[in-house]
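The structure appears below as structure tokens.
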Amino acid sequence: MNALEIAALEFSCCSEPGRQREHNEDACAVPPVTADTSGNGTLLVLADGVGGYPGGADASQQAVHVLQALYYAEAGPQHPLDRLRAGVESVNVLARLLKRQLGQEVGYLTTLVAAVILEDQIWVANVGDSRAYLVQAASKRRRQLTEDHSGHIRLVKAGLVSDSDSARTSSTITRAIGLEEDCQVDTYHYIWHPGDCLILCSDGLAPLPEEEMVRIALGTAAANASKQLVARAIELDGSDNCTVVVSKRLLNPESSDKKSTVHLGGKSPTIPAMKTPSVKQKRHRNWRTPVLWVILGVLIGWASAAVVIAFWLNASGLISLF
């Protein structure tokens, strides 16, 4: 693959309530078809409403859709990471305002993990204990990209307990959207390669072993992978809602005609796949810059010629005739 060939991108999200819960407090969102993904990248978002308190489902739905709207709005920072962080902080402000309007001292809380993909770059933002993983095609291993904000992780760092997903599921989170006025957002930057798979997930995916996640993620298309990961996690446990967002950087750029899907409780609307721009396309979009330089050069040339003519007229005495 040469420098001008950019691999196509496919993505999909799937969310199910599980076997023991009637309501799904998870939510996920992918860019609307009108979004400028060529300039701002592809934003994928997942949120897990905090259970046991009122408003968790509403908080997660609002978080994913508002962040998508804010990120692709015309105003705001230009760099993807700054744009992402500002969006998450604004979502937290809105959640706090709604809590006050609803008169809720507690509740209306959600975790949030989001990733912006632009060519071989991935920027991740995280608040809470939902996770991002990168499944690497070369090593066939998964890499956790985020750190949980939970009491369990605090104990792990203190050396008091071992790190295990079984303990994680019963732990109290220490950060959430809507929890505090000032939202602390962890952000990360990574590089991925053709064949790699990015996974965002709620803690309902925790029972799934690493080897199964890797096998499913690398062994099938994004639309199938998200459904299979959720189905397998529910089969192993099913005590919690389970939501997964899968994005794959394809090995073959000509595969860009593949579709990306959203699967929410049995409904699966189709969304066109987004393709990242090539270097050649970027140069084409920036045609105004060289044109402006040409015009400026012509104006400077005319000004210089006028000065030379004025000096010549003055030296020859002809300027006194005017």
- C242, C183, reordered so the largest accessible area comes first (probe 1.4 Å): C183, C242
- Item | Unit Cα scatterers, Debye sum, the stretch 1-157: log10 I(q)/I(0) for q = 0.09, 0.12, 0.18, 0.19 Å⁻¹ | -0.33, -0.58, -1.21, -1.30
- So, over other residues within a Cβ distance under 12 Å of H193, counting Lys, Arg +1 and Asp, Glu -1, the net charge is -1
- Task: Roll a 1.4 angstrom probe over the protein heavy atoms and tell me the percent of accessible area of the stretch 21-125 that is carbon or sulfur.
- Result: 53 percent
- Task: Would you calculate the separation in nanometres between label points at R19 and H65, each defined as 7 Å from the Cα along the Cα-to-beta-carbon direction?
- Result: 3.2 nm
- Around A176 (Cβ within 10 Å, Cβ-to-Cβ, excluding A176; K/R +1, D/E -1) the net charge comes to -2
- Task: Please report the relative contact order for the stretch 1-120, taking Cα pairs under 8 Å with a sequence separation of at least 6, and give it as a percent rounded to a whole number.
- Result: 31 percent
- Message: Let me check I've understood the local charge: for R141, count other residues with C-beta under 14 angstrom from its C-beta, Lys and Arg +1, Asp and Glu -1. What total comes out?
- Response: 0
- Can you tell me the accessible area per residue over the stretch 49-152, all protein chains present, probe 1.4 angstrom, in square angstrom? 40 Å²
- Toward the positive end of the charge dipole of the stretch 1-116, about the Cα centre and with charges on Cβ (Lys, Arg +1; Asp, Glu -1), which of T34, A59, Q104 goes farthest? Q104
- Message: Nothing charged except the Cβ atoms of Lys and Arg (+1) and of Asp and Glu (-1): what's the magnitude of the dipole of the stretch 1-112 about its Cα centre? Round to the nearest 20 debye.
- Response: 340 debye
- Using Cα pairs closer than 8 Å and at least 6 residues apart in sequence, work out the relative contact order for the stretch 33-84, in percent. 35 percent
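The values are calculated or read from the model by the stated rules, or taken from the named source; none is laboratory data. Since the structure is predicted, the reported quantities are computational estimates derived from the model, not experimental observations. Methodologically, a virtual Cβ is constructed for each residue, glycine included, from the backbone with ideal geometry; neighbour enumeration extends over all protein chains shown. The accessibility values were calculated without ligands, DNA or RNA, using every heavy atom of the protein model including side chains. Shrake-Rupley method; radii C 1.70, N 1.55, O 1.52, S 1.80 Å.
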